[in-house]
Amino acid sequence: MATNKNKKAKYIVKNVNGEKIYFRKRKRIKVKWNNLFLLLGFLVFVIIFIVCACNIGKWLKDSSETNDQIKQFEEIVEVQEKEDTENTEIIENDVPQSDPYWDFINMNLIDVDFSALKYMNIDTIGWIQVGGTNINYPFVQTTDNEYYLTHSFNKGFNYAGWVFMDYRNNVANFDRNTIIYAHGRFDNTMFGSLRNILSSGWTNNPSNFVIKLSTETENTLWQVFSVYRIPTTNDYIQTTFTSDNEFLEFANKLLNRSAHDFGTTVNVNDKILTLSTCYNDDDKVVLHAKLIKREAKA
């Protein structure tokens, strides 16, 4: 039988109406902090894993939808090579004979019928083809530079976005600096393969140094004069200029920034095409080209 001493150790004694009543003591739960930290760490890991899995799932879904649309274009759109005619206009702005311009000027234009594309998306304004990359897509334009960052060509919500022209530009009459954007997707869709311009494999092949555009009104050829990677800035996306001197300073800044010497120049009468995409969260990949040939569509 338990002794009174043991009983007192296990129970709390209270005097109620002159009688001693024993209440069993509650055991104290000893918290092991190491185990608690391990549990919290595990829960954080599970949450991070779930979030990452969801993001990867969304990325793969967006990528799949984008690739499906690209395949659809291959079935319904024909990008035709077009030789020069009597209507072809050669843009010659005091170009020296040593300039590789004279090699590129003989390259064919491309021509695209936009009937089917306009039916699919009324925002369609052109087609772009960049040598040495996967860029061979229709491009669009709307009233801002935000919508097509999160919407695909079919206007469905999609973080892969689509290729679009700056809303400030006029595709019917190219500005002094016309800008086209797209996401730098790691599956090399959209402007993902624009990263190629930073590699020696791309710069060692001069046939890559042209951009071909086709719009509803004309077909054009552009000669690349600058490529580079730069911390995110907006100093290269200016579209209007108050004077010829301001434009020339701007053009020379882009030319001098290039990671590769293309052996060409830019003058005050040139029109510039700028392609811009993200390299990572902090940097951009940028390409600049100048207009060297155009032909109005009948």
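The values are calculated or read from the model by the stated rules, or taken from the named source; none is laboratory data. Just so we're clear, the structure is a prediction, and the values are computed from it rather than from any experiment. Reconstructed Cβ throughout: ideal geometry from the backbone, glycine too, with neighbour counts over all protein chains shown.
Residue-by-condition table, conditions (1) buried (at least 18 other Cβ atoms within 10 Å of the Cβ); (2) touching a strand residue (DSSP E or B) at 6+ places or on another chain (Cβ under 7 Å); (3) modelled with pLDDT under 95; (4) not in a helix (DSSP H, G or I):
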{"site": "Ile230", "(1), (2), (3), (4)": "no, yes, no, yes"}
{"site": "Asp235", "(1), (2), (3), (4)": "no, no, no, yes"}
{"site": "Asn245", "(1), (2), (3), (4)": "no, no, no, no"}
{"site": "Asp261", "(1), (2), (3), (4)": "no, no, no, yes"}
{"site": "Leu273", "(1), (2), (3), (4)": "yes, yes, no, yes"}
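Cβ-Cβ distances below 7 Å connect the following pairs, each with a first residue in region 232-253 that is free of Cβ contacts under 8 Å to residues at least 24 places away in the same chain and more than 26 Å from Tyr279 (Cα to Cα), a second residue that is aliphatic (A, V, I, L, M) and not in a helix (DSSP H, G or I), and a separation of six or more residues or different chains: Leu248/Val268.
Evaluate region 121-130: report whether one residue or more is assigned to a strand (DSSP E or B), in contact with a strand residue (DSSP E or B) (Cβ under 8 Å, 6 or more places away or on another chain), over 30 Å from Asp261 (Cα atoms) and touching a residue at least 40 places away in the same chain (Cβ under 8 Å). Explain how you work it out, then say what you get.
Of the residues in region 121-130, the ones assigned to a strand (DSSP E or B) are 124-130.
This time we only want the ones that are in contact with a strand residue (DSSP E or B) (Cβ under 8 Å, 6 or more places away or on another chain), so: 124-130.
Next, only the ones that are over 30 Å from Asp261 (Cα atoms) stay: 124-125.
Subset that is touching a residue at least 40 places away in the same chain (Cβ under 8 Å): 125.
Checking region 121-130: at least one residue is assigned to a strand (DSSP E or B), in contact with a strand residue (DSSP E or B) (Cβ under 8 Å, 6 or more places away or on another chain), over 30 Å from Asp261 (Cα atoms) and touching a residue at least 40 places away in the same chain (Cβ under 8 Å).
No other residue among Asn188, Asn204 is over 27 Å from Phe114 (Cβ atoms) and surrounded by fewer than 21 Cβ atoms within 10 Å (Cβ to Cβ) apart from Asn204. Note on region 73-91: among residues that are free of Cβ contacts under 8 Å to residues at least 60 places away in the same chain and assigned to a loop (DSSP other than H, G, I, E, B), the one that is surrounded by the most Cβ atoms within 10 Å (Cβ to Cβ) is Glu78. Within region 194-207, the set of residues being in contact (Cβ under 8 Å) with a residue 24 or more places away in the chain and within 20 Å of the chain's Cα centre (by Cα) comprises Leu194, Arg195, Asn196, Ile197, Leu198, Trp202.
Candidates in region 137-152 are the residues that are in contact with a strand residue (DSSP E or B) (Cβ under 7 Å, 6 or more places away or on another chain) and either surrounded by 18 or more Cβ atoms within 10 Å (Cβ to Cβ) or basic (Lys, Arg) (or both); of these, the one that is nearest to Ile197 (Cα to Cα) is Tyr137.
Close Cβ contacts (under 6 Å, 6 or more residues apart or on different chains) running from residues in region 257-273 that are under 15 Å from Asp99 (Cβ atoms) to residues that are among the acidic types (Asp, Glu) and surrounded by fewer than 20 Cβ atoms within 10 Å (Cβ to Cβ) comprise Thr264/Asp99. Of all the residues in region 191-228, those that are part of a helix (DSSP H, G or I) and in contact with a Lys or Arg (Cβ under 8 Å, 6 or more places away or on another chain) number 2.
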